[in-house]
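Everything on this sheet refers to the single structure shown next.
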Amino acid sequence: MSSWNPRTGVAVAAPPDSTPGQVDNAVAAAVAAADEVASARPAERAAWLEAIAAALAADRDDLAELADEEVGLGMPRLTGEAGRAAETIRFYASVVREGGWLGATIEAGRPDLRRMRVPLGPVAVFGASNFPFGFGVLGHDTATALAAGCPVVVKAHPAHPRLSAALAALAGDALNGAGAPAGALSLVAGFAAGSQLVAHPEIRAVAFTGSQRGGLALWRQAATREQAIPVFAEMGTVNAAVVTETADPDEVAAGFVGSFTLGMGQFCTKPGLLLAPAGLAERVAKALDQAKPQGWLLTEQIAATFGEGVLGLEGAGARLLARTPGTGSGWQAQPAVLAVTPDRLRRNPALLEEVFGPVALVAEYADVAERDAVLDVLPGSLATAVHAAADDPDLPALVARLSRRCGRVVVNGWPTGVAVGWAQQHGGPWPATTAPAHTSVGSEALQRFLRPVTFQDAPDAALPPALRRANPWGIPRRGDG
């Protein structure tokens, strides 16, 4: 395996791909650790996560330098992301300590019913290229699976293989120091290793963040196993932003350009379509010309696919309005904005397919009926946005309409930032995700790796600690309704 520098296209050696035997050993270690990880007290599991967070924060700068060599996102972005990743892991530790995620519920009658959620077992995690810390080896999927009581086997991402190895080693040392069982977290590398992981009979769930093509391939493979397992794939689609006549057009244009070019458009929450009144397209083109964003795409494949995607949009009837010139070094991006008519959007599904990278469409509508006709054909997405005055009479109906097609509606803002907290939803209807009922960010992300079990008329000694009469874990419980 090689590690590539996006700025130059130069490769250096990276850790080798895992052999089939090494993949089997990683899964076997996870299986051996599963009971101990699942039965650990919430406070104990939280301490494991806090140890990882402390180690990540302590090595933040060195890790960010390594990441920058592989993804070219710049030190300010990467040191900030590493710091936020440590804080995110600490947040999940606080969720574990609180205990409400177990859903402990007791009806002490005849029969005596006691219900709680239990871990699924070993989880395979496939990290993303665009957030090497936030959605990488120690990202949301790994942290929430461990928090839920599941050992994790992570497949290293080829965009940052050296960083993946460094993060896995750091986490292994932290977990060992905190008393976690060996096998709580393992790393494998290589395409074949990933396929073997999904097929392995001891893997109980898959978490994936990345392209629709990759997510659906894993989903199909998992569905055809002898024992099918869930795949929680967050894939992203075209996230639409809608503008009404009451919004400030210049403010919207500048904000839209800043959002769809942030990180060179390599966010799953990038707004890829602006549906706006007449006059906005030229303002957006002007804003892009003034901003002149510069940067690199993560991999050679992403750069090639981006170029093909922009040509595909033009071939489907979109008109190029503005494009930032590049210097040609490495995999440098050329941010672009195109205009398209609402009628073409409705009639050509290719215009509503995500192009990963800094490109977006602007469609100007003539009236509310034309606007709403486009909204009716939008694919499911992670997030949408509405820009309008607070007293705009159209705002409530627009928010309600958009909420039917996404996991998060942003009012007078842009969806590229995803706050981590108790009320966050980072998911959405198909094809944005394979599991619209779940989120990959926030406290509810633990629920992906749990399943409910009811214990009927079981003696106290036979119950899990969370359901025993003395409540030894001290967690919140619902009793008799």
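The values are calculated or read from the model by the stated rules, or taken from the named source; none is laboratory data. Only a predicted model underlies this, so the values are computations on that prediction, with no experimental measurement involved. Reconstructed Cβ throughout: ideal geometry from the backbone, glycine too, with neighbour counts over all protein chains shown.
Restricting to the stretch 167-196, what's the tally of residues that are among the hydrophobic types (A, V, I, L, M, F, W, C), over 21 Å from the mean Cα position of the chain (by Cα) and in a helix (DSSP H, G or I)?
Here the count works out to 6.
If you take the residues of the stretch 420-443 that are without any contact (Cβ under 8 Å) to a residue 24 or more places away in the chain and surrounded by 16 or more Cβ atoms within 10 Å (Cβ to Cβ), which of them is farthest from residue 404 (Cα to Cα)?
Ranking the candidates gives 442 first.
Just a yes or no: is a residue in the stretch 104-117 surrounded by fewer than 24 Cβ atoms within 10 Å (Cβ to Cβ), of a type in the set (S, T, N, Q) and touching a strand residue (DSSP E or B) at 6+ places or on another chain (Cβ under 8 Å)?
Yes, the stretch 104-117 contains at least one residue that is surrounded by fewer than 24 Cβ atoms within 10 Å (Cβ to Cβ), of a type in the set (S, T, N, Q) and touching a strand residue (DSSP E or B) at 6+ places or on another chain (Cβ under 8 Å).
Name the residue, out of 461, 466, 470, 445, that is aliphatic (A, V, I, L, M), closer than 21 Å to residue 98 by Cβ, out of contact with any strand residue (DSSP E or B) (no Cβ under 7 Å at 6 or more places or on another chain) and not in a loop (DSSP other than H, G, I, E, B).
Just a single option satisfies the conditions, and that option is 445.
Do we find a residue being of a type in the set (Asp, Glu), in contact with a helix residue (DSSP H, G or I) (Cβ under 7 Å, 6 or more places away or on another chain), closer than 19 Å to residue 287 by Cα and outside any loop (DSSP other than H, G, I, E, B) anywhere in the stretch 351-370?
For the stretch 351-370, residues of a type in the set (Asp, Glu), in contact with a helix residue (DSSP H, G or I) (Cβ under 7 Å, 6 or more places away or on another chain), closer than 19 Å to residue 287 by Cα and outside any loop (DSSP other than H, G, I, E, B): present.
Going by what's in this entry, would residue 185 be described as in contact (Cβ under 8 Å) with a residue 60 or more places away in the chain, under 25 Å from residue 36 (Cα atoms) and surrounded by 18 or more Cβ atoms within 10 Å (Cβ to Cβ)?
So residue 185 fails the test.
Are there any strands (runs of 3 or more DSSP E) wholly within the stretch 64-139 with 1 or more residues that are over 24 Å from residue 236 (Cα atoms), touching a residue at least 60 places away in the same chain (Cβ under 8 Å) and among the basic types (Lys, Arg), and if so which?
112-119
Could you check the stretch 4-22 and list, in sequence order, the residues that are touching a strand residue (DSSP E or B) at 6+ places or on another chain (Cβ under 9 Å), among the polar types (S, T, N, Q) and at pLDDT 95 or above?
18, 22, listed by residue number.
How many of the residues in the stretch 444-481 are in contact with a Leu (Cβ under 7 Å, 6 or more places away or on another chain), within 25 Å of residue 204 (Cα to Cα), surrounded by fewer than 18 Cβ atoms within 10 Å (Cβ to Cβ) and of a type outside the set (Lys, Arg)?
2
Give the residues of the stretch 243-254 that are in a helix (DSSP H, G or I) and surrounded by 20 or more Cβ atoms within 10 Å (Cβ to Cβ), sorted by residue number.
The answer is 252, 253.
Just to check your reading of the model, which residue among 175, 262, 187 is in contact with a Ser or Thr (Cβ under 7 Å, 6 or more places away or on another chain) and under 30 Å from residue 29 (Cα atoms)?
Step by step, each of 175, 262, 187 is checked, and only 187 is in contact with a Ser or Thr (Cβ under 7 Å, 6 or more places away or on another chain) and under 30 Å from residue 29 (Cα atoms).
Return the residues of the stretch 1-45 that are assigned to a helix (DSSP H, G or I) and over 30 Å from residue 475 (Cα atoms); say none if nothing qualifies.
Those that are assigned to a helix (DSSP H, G or I) and over 30 Å from residue 475 (Cα atoms): 20, 21, 22, 23, 24, 25, 26, 27, 28.
Of everything in the stretch 389-438, what is more than 26 Å from residue 263 (Cα to Cα) and of a type in the set (A, V, I, L, M)? Give them in sequence order.
389, 390, 395, 397, 398, 399, 400, 435, 437 - these are the residues of the stretch 389-438 that are more than 26 Å from residue 263 (Cα to Cα) and of a type in the set (A, V, I, L, M).
Going through 448, 371, 404 one at a time, which residue ends up being in contact (Cβ under 8 Å) with a residue 60 or more places away in the chain, not assigned by TED's automatic domain parsing to the domain that holds residue 96 and not polar (S, T, N, Q)?
Checking each option against the conditions leaves just 371.
For (1) within 29 Å of residue 303 (Cβ to Cβ); (2) outside any strand (DSSP E or B); (3) touching a residue at least 24 places away in the same chain (Cβ under 8 Å), each residue gets a yes or a no:
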site: 198; (1), (2), (3): yes, yes, yes
site: 222; (1), (2), (3): no, yes, yes
site: 228; (1), (2), (3): no, yes, no
site: 240; (1), (2), (3): yes, no, yes
site: 275; (1), (2), (3): yes, no, yes
site: 286; (1), (2), (3): yes, yes, yes
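Residues of the stretch 281-335 being out of contact with any helix residue (DSSP H, G or I) (no Cβ under 7 Å at 6 or more places or on another chain) and among the hydrophobic types (A, V, I, L, M, F, W, C), which ones?
Result: 281, 285, 302, 303, 304, 306, 310, 311.
Out of 177, 121, 99, 149, which single residue is modelled with pLDDT of 95 or more, buried (at least 24 other Cβ atoms within 10 Å of the Cβ) and touching a helix residue (DSSP H, G or I) at 6+ places or on another chain (Cβ under 7 Å)?
149
Does residue 233 count as under 30 Å from residue 56 (Cα atoms) and assigned to a strand (DSSP E or B)?
yes
What is the one condition in (1) buried (at least 20 other Cβ atoms within 10 Å of the Cβ); (2) without any contact (Cβ under 8 Å) to a residue 40 or more places away in the chain; (3) in contact with a Lys or Arg (Cβ under 7 Å, 6 or more places away or on another chain) that residue 415 does not satisfy?
Among (1) buried (at least 20 other Cβ atoms within 10 Å of the Cβ); (2) without any contact (Cβ under 8 Å) to a residue 40 or more places away in the chain; (3) in contact with a Lys or Arg (Cβ under 7 Å, 6 or more places away or on another chain), residue 415 violates only (2).
Out of everything in the stretch 124-146 that is of a type in the set (A, V, I, L, M, F, W, C) and within 20 Å of residue 63 (Cα to Cα), what residue ends up being surrounded by the most Cβ atoms within 10 Å (Cβ to Cβ)?
138
Per-residue answers, yes or no, for (1) in contact (Cβ under 8 Å) with a residue 12 or more places away in the chain; (2) on the phi < 0 side of the Ramachandran plot:
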| site | (1), (2) |
| --- | --- |
| 298 | yes, yes |
| 308 | no, yes |
| 317 | yes, no |
| 325 | no, yes |
| 330 | yes, no |
| 333 | yes, yes |
| 337 | yes, yes |
